[in-house]
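To start, the structure itself, in structure tokens.
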Amino acid sequence: MSELTTIARPYAKAAFELAVEKGAIESWNDMLFFAGHVASNEQASTILAGLPTATAQAELFINLCGEQLNEQGQNLVKVMAENGRLIALPEVAHLFSALKADYEKEIDIDVISATPLAATQQESLVAALEKRFARKVKLNCSEDATVVGGLIIKAGDTVIDGSLRGKLNRLATTLQS
């Protein structure tokens, strides 16, 4: 996985810089998302791998995507095919999306609670998290009965465990040491 990330990063950065320059971040995001799905399709991958040249692979891939790719998107596909990197397109789409979120100062936050959060709870949580992270927050709420009470908040590498289960585990660890 990290190898694909290393391969995909320069392509994602180049595509993102071009998208910012052209003012077309959203269309590039959609285009790469679609191309990433085509590249991750098993049947398409098998057929593409059986083609003898990079040019043939690029042409077939562009035909599979149809009108979803603009001229610059087609050029990206051709360059990636010439370098044998079409397999990295899903990761390019993922990295591009992360660059977009960073550029737009957005952050996706996973919130796990024992029971569903009410709309007012979600609103106050969004306000507090926007203040804490200085970014626009998008909540992804889920329920897990093992949390017992409280919340577990995951934002990138940051985890805030305010759950009753987490507090009991920390208490047990403290008592044992």
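The values are calculated or read from the model by the stated rules, or taken from the named source; none is laboratory data. All values derive from a computational prediction rather than experimental measurement. Cβ coordinates were reconstructed from backbone atoms using ideal geometry, including for glycine residues, and neighbour counts include every protein chain displayed. The protein model used for the area step is the full one, side chains on, heavy atoms only, and it has no ligands, DNA or RNA in it. Shrake-Rupley method; radii C 1.70, N 1.55, O 1.52, S 1.80 Å.
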Max mean-square fluctuation residue, GNM over the chain, Cα-Cα springs under 10 Å, options ILE25, ILE160, ILE62:
ILE160
Pop a pseudo-label 7 angstrom from the Cα along the beta-carbon direction at both ASN63 and ASP161 and give the gap in nm to one decimal.
5.4 nm
Using the Cα centre as the reference, give the magnitude of the dipole from point charges on the C-beta atoms of the chain (Lys, Arg: +1; Asp, Glu: -1; all else neutral), rounded to the nearest 20 debye.
680 debye
The chain - percent relative contact order, Cα under 8 Å, separation 6 or more:
21 percent
Sequence neighbours fewer than 8 away in the same chain don't count; with that in mind, list the lysines whose C-alpha is under 26 Å from LYS131.
LYS100, LYS105, LYS154, LYS167
Enter the accessible area per residue of the stretch 84-177 (Å², integer; probe 1.4 Å; all protein chains in place).
63 Å²
Among the aspartates and glutamates, select those whose C-alpha is under 20 Å from the C-alpha of LYS22, and discard any that sit fewer than 8 residues away in the same chain.
ASP30, GLU67, GLU71, ASP102, GLU104
Å² of accessible area per residue within the stretch 1-53, as computed with a 1.4 Å probe and no ligands counted
62 Å²
Among SER45, SER124, SER97, which one moves the most in a GNM of the chain with springs linking Cα atoms closer than 10 Å?
SER124
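Percent relative contact order of the stretch 88-171, based on C-alpha pairs within less than 8 angstrom and at least six residues apart?
Computed value for the stretch 88-171: 32 percent relative contact order.
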By accessible area (1.4 Å), largest first, THR174, THR5 order as THR174, THR5
Rounded to one decimal in nm, the spacing of the 7 Å Cα→Cβ label points at ALA56 and LYS22 is 2.9 nm
Leaving out ligands, DNA and RNA but keeping every protein chain, what accessible area does GLU104 have, in Å² rounded to the nearest 10, with a 1.4 Å probe?
80 Å²
Helix 2-22 vs. the chain, principal-axis angle (Cα, 0 to 90°, nearest 10):
80 degrees
Tally Lys and Arg at +1 and Asp and Glu at -1 over the other residues with C-beta under 14 Å from the C-beta of SER124: what net charge comes out?
0
Excluding LEU95 itself, calculate the net charge of residues whose Cβ lies under 10 Å from the Cβ of LEU95, where each Lys or Arg counts +1 and each Asp or Glu counts -1.
+2
I'd like the carbon and sulfur percentage of the solvent accessible area for the stretch 2-139, probe radius 1.4 Å, heavy atoms only, ligands and nucleic acids excluded.
52 percent
By how many degrees, between 0 and 90 and to the nearest 10, does the Cα long axis of helix 89-103 differ from the longest principal axis of the chain?
50 degrees
